[in-house]
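The numbers here are math on the coordinates, done by the rules we state, and not lab data. Remember, predicted model here, so these are calculated numbers, not experimental data. Counting neighbours? That spans all protein chains shown, and the Cβs are built from the backbone with ideal geometry, glycine included.
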Amino acid sequence: MLENLFVGIADWLRSLLGGLGTPVEINEAIVMLVKLVAILVFILINALWLVYMERKVAAYMQARIGPNRVGPKGLLQTTADIGKLISKEIVIPGKADKVVFLLAPVLIFVPTLMVFAVIPFGKNMAAIDMNIGVFYLLAIASLSTLFFWMGGWASNSKYSLIGSMRVVAQMVSYELPLVLGLLGVIMIAGSLKMSDIIAAQEHTWFIFTQPIAFLIYFTAAVAETNRCPFDLVEGESEIIAGPYTEYGGMAFAMFFLAEYANIMVICAMATIMFLGGWHAPFGLDFIPSWVWFFLKMYALIFVVMQLRWTYPRIRVDQLMGFSWKVLVPLALANIFITGIGMKIYQAIGW
Amino acid sequence: MFGQGLIKGLQITWKEFWAKKFTVQYPEEQHPVPERFHGKFVLDVDKCIACGLCANACPNKVITIEKQKVGKKQYMTGYIMNIQYCLFCGLCVESCNKDALHYSKDFNMNQYFYRDIPLVLVKREAPAEPEEEEQPAAKAEARPKAKPQAKAEKPAEPAANSEVAAGKVPGKEGE
């Protein structure tokens, strides 16, 4: 029952629509729409929750309690914050490019939401199970660079410009180790389809066969979301808030929430590629698959947050050097070794 | 080994995550206040003899004492501290001969209105007649004794404090 909770809801909706006598194509379109809206709502609520979680994690690691006044245990803190930000005036700098300036925070959520359409949250729980799922995800996710750049450029401020230039440099150069890290997994699984990759991990998670690839992917992914220790983009002590400097109110909140949605994307991706997706470890099948997926995802999100509150920010030259001199060669070596290993196993007859 | 420091850092934050939190959620819970804390003043009115040493000791002229003579004794009708000027140095508490003025551990003296800031420790009317502090047996002796003395001082008294002393009960007790 619980296992197929969401699949059951979709089936129920389908049969309900079938009873109305409308054409099957329209029914399917409505079901798909409902799925996508459900994912949208889920992501937005989750982004609010993650802001709260981040503040709690930060507080706990600094021997504080964190937000605890608004709502039970402070759970409504981010809701209150967003309510306040919505009520604020949107200030547009005098020399800003108005259209692009306003468009950037609106569009920043688009790649993130598009990416979530292909993520399988549980058994048969992907809205769309695309056969080039991983490729689609990587291609769309890297689009968000553009919107950071739009925001930074349109603000017509030196801090925004420097920040957005850093975004572009950082995200483009970390895209490479990210993809190369995933390549080892894709070589073993032999597919770009997410459900196939998860199915290939039924017995052994890829984190055990590809540990270096996992580290490379995770490091690059943290850099890709502009999180500490790679948060040069919004290095507060240097360039105020990077591309967000000129934004206020809800426009800023959109960038802020998009950051957390992006963390969710990369952690969901890491779960799918390395932690066996929705597969239950140790044969604990009685817990629904989607619960396992979220447990793994949140464990990774916790690690991302822990990284932020542990490490100091690195320098720009260190950032670039680390990507091009360490991660990329390591990822290439990993692919090379994986290829050799696969050939050896094939020769043995595994 | 490369990356050892990174792991060590993560271990520290992980340990801190489960460590005891230092936050004291103020209105609900409080830090213990130290023994000799300089908080809100408390005056033991029965001990106070209205000598005015504390008012003299105060560097900021915070303390205002209003007193009247009732019978032979000084009777304090008002002890007001303009606490907004107080620096909590403690000279008034030190100077008190009768050990009547104390600090309490209450540090919450903020007020919404400015007029509420002065700390009124005593505000009362002086009795028209000196109170009997002796034993009931001695009462009878004390009374006639005190009366003539009060009478003797009468000429001086009305000039100073006639309003309060006379205002309340002029005709009730015969003079």
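Lysine pair count for chain A with Cα-Cα distance under 27 Å and sequence separation of 8 or more or different chains is 20. Which of A:L284, A:L36, A:L300 moves most in a GNM of chain A, Cα contacts under 10 Å? Taking springs between Cα atoms under 10 Å, the residue moving most is A:L284. Inter-part distance, segment B:1-18 to segment A:1-36, computed on C-alpha centroids, equals 48 Å.
Across peptide B:17-23, the mean count of Cβ atoms from other chains lying within 10 Å of each residue's own Cβ comes to 5. Relative to the Cα centre, the charge distribution of segment A:89-348, modelled as +1 at Lys and Arg Cβ and -1 at Asp and Glu Cβ, gives a dipole magnitude of about 300 debye. In chain A, helices alone account for a calculated mean residue ellipticity at 222 nm of -22000 deg cm²/dmol, with every DSSP H run of four or more residues adding -39,500 (n - 2.57). Using the Karplus relation 6.51 cos²θ - 1.76 cosθ + 1.60 with θ = phi - 60°, the per-residue 3J(HN,Hα) values for segment A:332-345 come to 5, 4, 4, 4, 4, 5, 4, x, 4, x, 4, 5, 4, 4 Hz, with x marking Gly and Pro. For chain A, modelled as a GNM with alpha-carbon contacts under 10 angstrom, which of A:Q62, A:Q201, A:Q77 fluctuates the most? Evaluated over chain A, the most mobile residue of the options is A:Q62. If you keep only loop residues by DSSP, which chymotrypsin sites (Phe, Trp or Tyr not before Pro) in segment A:48-86 have at most 16 other Cβ atoms within 10 Å of their Cβ? Nothing satisfies the criteria. Over all pairs of different C-alpha atoms in the protein assembly as shown, the reciprocal of the mean inverse distance, the Kirkwood hydrodynamic radius, equals 29.7 Å.
Give, rounded to the nearest 20 debye, the magnitude of the charge dipole that the protein assembly as shown has about its Cα centre when Lys and Arg contribute +1 at Cβ and Asp and Glu contribute -1 at Cβ. In debye, rounded to 20, the protein assembly as shown gives about 880. Among the lysines of segment B:41-130, pairs at least eight places apart or on separate chains and with Cα atoms under 27 Å apart come to 23.
Annotation for segment A:104-125 versus segment B:72-114: alpha-carbon center distance of 66 Å. Peptides A:215-228, A:238-251, A:84-97 ranked from most to least packed give A:215-228, A:238-251, A:84-97, packing being the mean of other C-beta atoms within 10 angstrom over each peptide's residues.
Phi angles across segment B:88-97 convert, under the Karplus curve 6.51 cos²θ - 1.76 cosθ + 1.60 with θ = phi - 60°, into 3J(HN,Hα) values of 6, 6, x, 5, 5, 5, 5, 6, 5, 6 Hz, Gly and Pro given as x. In order along segment A:69-81, phi translates into HN-Hα couplings of 9, 8, x, x, 6, x, 5, 8, 4, 5, 4, 5, 4 Hz, rounded to whole numbers, per the Karplus curve 6.51 cos²θ - 1.76 cosθ + 1.60 with θ = phi - 60° and x for Gly and Pro.
Dipole orientation for the protein assembly as shown: of the candidates A:F294, A:M130, A:Y260, A:Y260 has the Cα lying most toward the positive pole (charges on Cβ; Lys, Arg +1; Asp, Glu -1). Given +1 at the Cβ of Lys and Arg, -1 at the Cβ of Asp and Glu and no other charges, the dipole of segment B:41-130 around its Cα centre is 240 debye to the nearest 20.
Diffusion coefficient of segment A:17-87 by Stokes-Einstein, Kirkwood radius over Cα pairs, 20 °C, 1.002 mPa s: 144 µm²/s.
Pick out which of A:M297, A:M269, A:M130 has the largest mean-square fluctuation in a Gaussian network model of chain A, springs linking Cα atoms closer than 10 Å. For chain A, modelled as a Gaussian network with Cα springs under 10 Å, the answer is A:M130. Between the listed residues B:L101, B:L43, B:G71, the Cα displaced farthest toward the positive end of the dipole of segment B:41-130, a dipole computed from Cβ unit charges relative to the Cα centre, is found at B:G71.
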